[in-house]
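Data block below; observations after.
Laboratory data are not the source of any read-out in this text; all were calculated from the coordinates shown. This structure is a prediction, so every number in the text was calculated from the model and none was measured. Using ideal geometry, Cβ is built from the backbone for each residue, glycine included, and neighbour counts are taken over all protein chains shown.
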Amino acid sequence: MTSAPHSPFRLESLYACALRLYPRAFREAYCVAMRQTFRDAVHDSTLSRRAFIPLVLRDLITSLAKEHLAMLRDTFARPALIFNALVLAGFATILALALYAIPQQLLRRGADDPQVEMADNLTWQLEQGVAPTDAVPAGTVDLAHSLSPFLIAYDDQGNSLASQARLNGQTPTLPQSLLEDVRQRGQDRITWRPGEAIRFAAVIQRVNGAHPGFVLAGRSLREEGARQKAVRQMAAIAWAAMLALILVGSVAFGWYTRPKTA
Amino acid sequence: MATETAPAAPLTPAVFAILLSLAEGEKSGSPPTGPGRWGGKHGYLIMKDARAPQGGGVRLGPGTLYGSLDRMMRDGLVEESGISDDERRRYYRLTHLGHSVLAVELARLDAAVASARSLGFLPHRGRS
């Protein structure tokens, strides 16, 4: 004999199946009582089954969503879990910043190395009395396009005496404040931007002696910029990977240490 | 874990209806009654009370009912009485905090109704 679709037994069986959809802790705590409440309702002659079945369906949808959300909140929104994840994310962020900043600084400082030697040599020659036009090697470096290193000799007022560098047909000038700084410190290593989107690793050195002045040795930072971009991308990938690992670890830890009772 | 502070009013219709049903049961002393305190009401009795106009007219299903009872127990508003005529039924009753919260909510509703009445949105009732 088969039971009618709306027979109490059939309805209760269907409801018992639906109860399996609740989170385990909630189900273990209330499944028997909920089933009994459903049974009481089905057997209550004052309650219209036509009204009760849609009510139960609506209730299943809303309470399933609510209990699963509550379960997720209880599992993953625990302050200790969130605090640990935030601390780890903080460490990961500091580590990723270090992964970017340390190589970036090393690359930038390494970009000064040839110019330090070039500036030293030119300074020594000028201090020995060699004429700037003889001391600065012949040839022209177009700063807008070339990656070649270049030298410029300036007099004590910052006027160009001899130069390999040309930007828009002229030798670039240095700001007076920079010259004053070099006058006091003897040498300065800067990132020089004589034009739009052009950056150079420049070493400026004081020339003493009978004809005091300054020398500038520079080199384009275009290639170094590309290397810095690669370092930045690698640091970003490492950061994202660490955050993903922390997220997965926190979710797994939260799941295995979730409260076992409703 | 029960907390000692009442949840902020207003209560949800389900929570209010459950508190009202349990308060009504305690006052009327409806069965089952244990040797000491009142034994409480089981789920379907609460559902029936809530559905009635005097209980708030709230149509609760078993999922919403037990979900609400679970949270109310955690908030310390209700407790299981531990008394039952059937092991498949669980009986609940109000705690002191539950009584207080219901009283605060009723006072809030009473003030709102009085305000609506004074503004002419509700007819004035004669004193009996």
Explain nothing, just compute: Karplus ³J(HN,Hα) = 6.51 cos²θ - 1.76 cosθ + 1.60, θ = phi - 60°, for every residue of the range A:126-134 in order, whole Hz, x for Gly and Pro.
5, 5, 7, x, 5, 5, x, 5, 8
Within a 10 angstrom radius of the beta carbon, how do B:HIS99, B:HIS124 rank from fewest other beta carbons to most?
B:HIS124, B:HIS99
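Using only alpha carbon positions, build the gyration tensor of the range A:54-94, then give the equivalent ellipsoid semi-axes as the square roots of 5 times its eigenvalues, largest first, whole angstrom.
In descending order, the three semi-axes are 36, 8, 4 Å.
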Percentage relative contact order, chain A, counting C-alpha pairs under 8 Å, at least six apart
22 percent
Using only the Cα atoms, what convex hull volume per residue in Å³ does the range B:11-119 have?
102 Å³
Net charge near A:PHE214, counting Lys/Arg +1 and Asp/Glu -1 over other residues with Cβ under 15 Å of its Cβ?
-3
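Based on other C-beta atoms within 10 Å, arrange A:CYS17, A:CYS31 from fewest to most.
A:CYS17, A:CYS31
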Using alpha carbons only, how many angstrom separate the centre of the range A:98-121 from the centre of the range A:180-209?
14 Å
Bounding extents of the protein assembly as shown in its principal axis frame from Cα atoms, largest first in Å, are 116, 63, 39
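May I ask you to sort B:ASP86, A:ASP156, A:ASP188 by Cβ crowding, counting other Cβ atoms within 10 Å and putting the fewest first?
Final ranking by Cβ density, sparse to dense: B:ASP86, A:ASP156, A:ASP188.
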Is the shape of the range A:154-205 best called rounded, prolate or oblate, per the rule: a/c under 1.5 gives rounded, else a/b larger than b/c gives prolate, else oblate, with a ≥ b ≥ c the square roots of the Cα gyration tensor eigenvalues?
oblate
Report the FRET efficiency, 1/(1 + (r/R0)^6), for A:LEU95 and A:ALA230, where r is their Cβ-Cβ distance and R0 is 22 Å, rounded to 0.05.
0.75
Taking a cut-off of 18 Å between Cα atoms, list the aspartates and glutamates near B:LYS41, but don't count ones fewer than 8 places away on the same chain.
A:ASP40, A:ASP44, B:GLU24, B:GLU26, B:ASP49, B:ASP70, B:GLU79, B:GLU80, B:ASP85, B:ASP86, B:GLU87
If amide H atoms are built 1.01 Å from N in the plane of the peptide, which residues on other chains or at least 5 residues away come under 5 Å of the amide H of B:HIS42?
B:TYR92
Excluding exposed DSSP-loop trypsin sites (Lys or Arg not before Pro) (at most 13 other C-beta within 10 Å), longest clean stretch of chain A:
A:21-259
B:LEU106 and A:GLN157 label points (each 7 Å along its Cα→Cβ direction) are spaced in nm at 9.8 nm
Taking the alpha-carbon set of the range A:112-220, what are its Rg and Dmax in Å?
12.5, 38
